[in-house]
Amino acid sequence: PLAGESAAIEPMAAGEASPVSEQDAGGPGALARLDLSWNCLGSIGAEASMAALAAALKDDMSSLVHLDLSYNGLRARECAALGAALRTNHSLLGLHLVGNAAKVDSNGFVVADESKVLDTRPSSPPRLIGQTGAPPPKRVLLISTEERRAIREAFAASDAGGSGSVDVARLGGMLRRLQLDTPPEEAIALLAPSPRDGAAADFDSRGDGQRHALGVDEFSILMESLILKEREQREEQRKREIGMDRDRSVLEARTSCWICEHWQPVEVEWHGQASTVWVFFSFDNFEHPTQLMPDGTGRFVCERMLPPEQVWVVLQVDNEIQLLQDLPSAKPPKPVKIRLRSAEDLPEPPEQFASAAEVSIIDLFSDARGRRGSVGDSSPASPGASVSGDSSSSSTPAAAAGTAGVASVRQSQRDCCAPSCKRRMVVLDDPNNPGSIYAVPRMVQVEQRRKVKGPAWKFEKSIFASWRFESAQLRASACARDWGTTKVAKFVNASELEETMDMFKANYRMFLRIYRRCAALSTTGSSTMGVSMTVAADVLSAAGIMDDAYCRPSDVDTMFIAARVRDKGADKRPFAVKTSDTLMRFQFMEFLVRAAVARFVKSEGATTPEAVERLLRLLDPQAKRPQDDLDELHAALHTEDCDKVFRKHEPLLRSVFASHSGRFTKPGVEPQMSCKEFEEMLAGADLFNDVLTPREAAHAFLLGMQLYPDELYSVDFATMSFVEFIHGFAAALYLRREGAPLAAVADRVLVSMAKGQSGGGRQ
């Protein structure tokens, strides 16, 4: 049992009046309020007590709506455990933590703070945790610009003759015009005696030293003082009416309990074109703004709980400060300093801080007639009314050049936390569901942002991180290796060799796409890659390169055979792969040079560099499709969504890779996947369709392969590593052309493959 003599548990009996409904409290007899204040929980089994309480609060079915843990001396770690439990609690609306090493901020978040401990400084009298040491400072109430305008309009209406003064005797009518309740005689009593100098003689027409007329400035000062006086009186009356003068120390720091303080839900809405919109409030010193969430129609919305007092508010629209224009606005004693918030799709602001010389005013609680402090209104504002404004006409300098939009504020139509409360309330927008409300409010803003959003996705930390892209340097190295292995020096003039090689170097990316596409079309199920004679002739024919003189089909066959012959003076090391009757990459390069010489040098007298340039230009259209496939594959695959899918299914992918690798790998070498094994894997997974046919398997395989400069003495270019297998597998899914996002297709296919494995089938 918990120690202490003031513990109070209030189960709700059927029919008993309560500030919460049976729906919120879980039904008749459910525990709605729990008072554990002044129980010394921080010194008697604190961790065990908080662990038990946290376990109960974690239950989403909890009926508790109000919890008082005041003055228990709980330490920061115990308060942090309580805050962690409240992350999954959707029912608690009121929480008191004054007198512990934590506080409840304006958003309803538990913020542990070790500095909130007993003050034992010898120079100070002992005081309790949570006490401020002095009465709270008096809040500054503002006179709105609209109120000042109404005052001057009332003066002008009474000064019909244009004398620049109004008769004090008519003061009662002017007070009624401004909806002020102060009796005229009380207002007159506030007037200072009339000055005796000649300049003010007009105001003492009777010579009795009393003020009988008022100038516009004196009239304005008097009316403003009366407005502020009545506003302060209404706030004091409201505090008494809602019980805010409860039996607590006057030195106690103010709580943020939404129930006890009678906070109210308010919806803020902004219409317009913007990347991001934030709203700042004065009750938390403009430090914890709420982001308005877009709904895709140019509408940004958020819902906040506001205290029953005059609240100052400003908007940040992208990187500019704006007002909610149709709300009353006022100029605070000094400009408000706002730290601009940043977003991913928003450029960095030129300055981190901005100053707002003017603020909008929200006053949900006014006098009993429903007035909201805008004395210039011809009729009282009704609860729940919407006020809107065009922010393009904002009077603040920062907003003058801002994005045009319409902002509105309305008191939420749902019932609030007052005694008529009907449903649960929350405070933040749901970042995963724009337009709705986030129902886990017990987390500090920085932690919430870190949990929901997390760090920005980076390719370098993804499952694809070891992928090596085709850089210009890598292509130059591969081109040099290929060119150095050819026999072009035997039939090209020495003076043209370097320029001809430069022509290939400049177009090597296109050359690679043509070579790999031709190799994919040439595969016959063997474990090697190369271009067959038939495919080589088809490529030249499709490009219109063959003629009836020196580039006839028989000549093409001769050039093909000549390109396959190995130079007698070349390196005698055996190639790593057996090329059979196909051309390797360097041999295909030599074949194209021979075709260019036969077609354009012998027939038309062009130089070899010119001939190669013309041939490559004719071949370029055939490189477009494989290049587009590669670019689109990488754009679709190298994303956060695909990274999550492949990370989730990584064990399955590694199992599939291991079971389909190593058949053509030499003993003692790490098993790799050949093109034949890759095709068998696709067939086993039933991935072929009308678009992705077995003939396209080699194309998917080569889309997944990285570029290797050495294709002579290493088999890396012909067998897949695991990261290449991921790319090849994704290429196969991409080539199915299903029209759905690649991540969704991959997840569906991998889930199906996992079911097949668990059922005993071999994938």
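The values are calculated or read from the model by the stated rules, or taken from the named source; none is laboratory data. Everything numeric in this text was worked out from a predicted model, so none of it was measured. Don't worry about glycine lacking a Cβ; one is built from the backbone with ideal geometry, like all the others, and counts go over all protein chains shown. When the accessible area is computed, the model is the full protein with side chains, heavy atoms only, and any ligands, DNA or RNA have been set aside. Shrake-Rupley method; radii C 1.70, N 1.55, O 1.52, S 1.80 Å.
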What residue, of LEU682, LEU703, LEU733, LEU687, is touching an Asp or Glu at 6+ places or on another chain (Cβ under 9 Å) and either open to solvent by less than 60 Å² (accessible area, probe 1.4 Å) or modelled with pLDDT under 90 (or both)? LEU703
Restricting to the range 57-78, and then to whatever is at pLDDT below 80 and closer than 17 Å to VAL110 by Cα, can you tell me which residue is surrounded by the fewest Cβ atoms within 10 Å (Cβ to Cβ)? LYS58
In contact with a Cys (Cβ under 7 Å, 6 or more places away or on another chain), crowded, with 19+ Cβ neighbours inside 10 Å and either modelled with pLDDT under 75 or aliphatic (A, V, I, L, M) (or both) - does that describe any residue in the range 249-257? no
From VAL311, VAL277, VAL317, VAL301, residue being open to solvent by less than 40 Å² (accessible area, probe 1.4 Å), more than 21 Å from GLU146 (Cβ to Cβ) and in contact with a helix residue (DSSP H, G or I) (Cβ under 8 Å, 6 or more places away or on another chain): VAL317
Consider only pairs whose beta carbons are under 6 Å apart and that are at least six residues apart or on different chains; among these, list those whose first residue lies in the range 141-157 and is at pLDDT 75 or above and in a helix (DSSP H, G or I) and whose second residue is surrounded by fewer than 21 Cβ atoms within 10 Å (Cβ to Cβ) and not small (Gly, Ala, Ser). ALA154/ARG177; ALA154/LEU178; PHE155/VAL216
When only residues in the range 544-560 that are over 60 Å from the mean Cα position of the chain (by Cα) and part of a helix (DSSP H, G or I) count, which is surrounded by the fewest Cβ atoms within 10 Å (Cβ to Cβ)? SER554
Candidate set from the range 145-186 (those that are more than 49 Å from the chain's Cα centre (by Cα) and among the polar types (S, T, N, Q)); member that is surrounded by the most Cβ atoms within 10 Å (Cβ to Cβ): THR182
State which residue pairs qualify: first residue in contact (Cβ under 8 Å) with a residue 12 or more places away in the chain and inside the range 603-614, second residue surrounded by fewer than 19 Cβ atoms within 10 Å (Cβ to Cβ) and not acidic (Asp, Glu) in any location, beta carbons under 6 Å apart, and separation of 6 or more residues or different chains. SER603/ALA549; SER603/TYR550
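Quick grid of which residues meet (1) touching a Lys or Arg at 6+ places or on another chain (Cβ under 6 Å); (2) of a type outside the set (Phe, Trp, Tyr); (3) over 19 Å from LEU512 (Cβ atoms); (4) not in a helix (DSSP H, G or I):
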{"residue": "MET589", "(1), (2), (3), (4)": "no, yes, no, no"}
{"residue": "ALA596", "(1), (2), (3), (4)": "no, yes, no, no"}
{"residue": "ALA611", "(1), (2), (3), (4)": "no, yes, yes, no"}
{"residue": "ARG614", "(1), (2), (3), (4)": "no, yes, yes, no"}
{"residue": "LEU618", "(1), (2), (3), (4)": "no, yes, no, no"}
{"residue": "ASP631", "(1), (2), (3), (4)": "no, yes, no, no"}
{"residue": "VAL645", "(1), (2), (3), (4)": "no, yes, yes, no"}
{"residue": "ARG654", "(1), (2), (3), (4)": "no, yes, yes, no"}
{"residue": "SER661", "(1), (2), (3), (4)": "no, yes, yes, yes"}
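Could you look through the range 280-298, keep only residues that are among the hydroxyl-bearing types (Ser, Thr, Tyr) and at pLDDT 85 or above, and pick out the one that is surrounded by the most Cβ atoms within 10 Å (Cβ to Cβ)? It would help to see each step written out before you state the result.
We begin by selecting, within the range 280-298, every residue among the hydroxyl-bearing types (Ser, Thr, Tyr); these are 282, 290, 297.
Now restrict to residues that are at pLDDT 85 or above: 282, 290.
Values: SER282: 21, THR290: 19.
Looking at the filtered set, the residue picked out is SER282.
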Considering every residue within the range 487-501, establish whether at least one is in a helix (DSSP H, G or I), in contact (Cβ under 8 Å) with a residue 12 or more places away in the chain and under 16 Å from ALA623 (Cα atoms). no
The lone exception for LYS676 - which of (1) touching a residue at least 24 places away in the same chain (Cβ under 8 Å); (2) among the basic types (Lys, Arg); (3) outside any helix (DSSP H, G or I) it fails: (3)
Say we look at the range 653-679 and pick out the residues that are small (Gly, Ala, Ser) and over 18 Å from ALA730 (Cβ atoms); which of these is surrounded by the fewest Cβ atoms within 10 Å (Cβ to Cβ)? GLY668
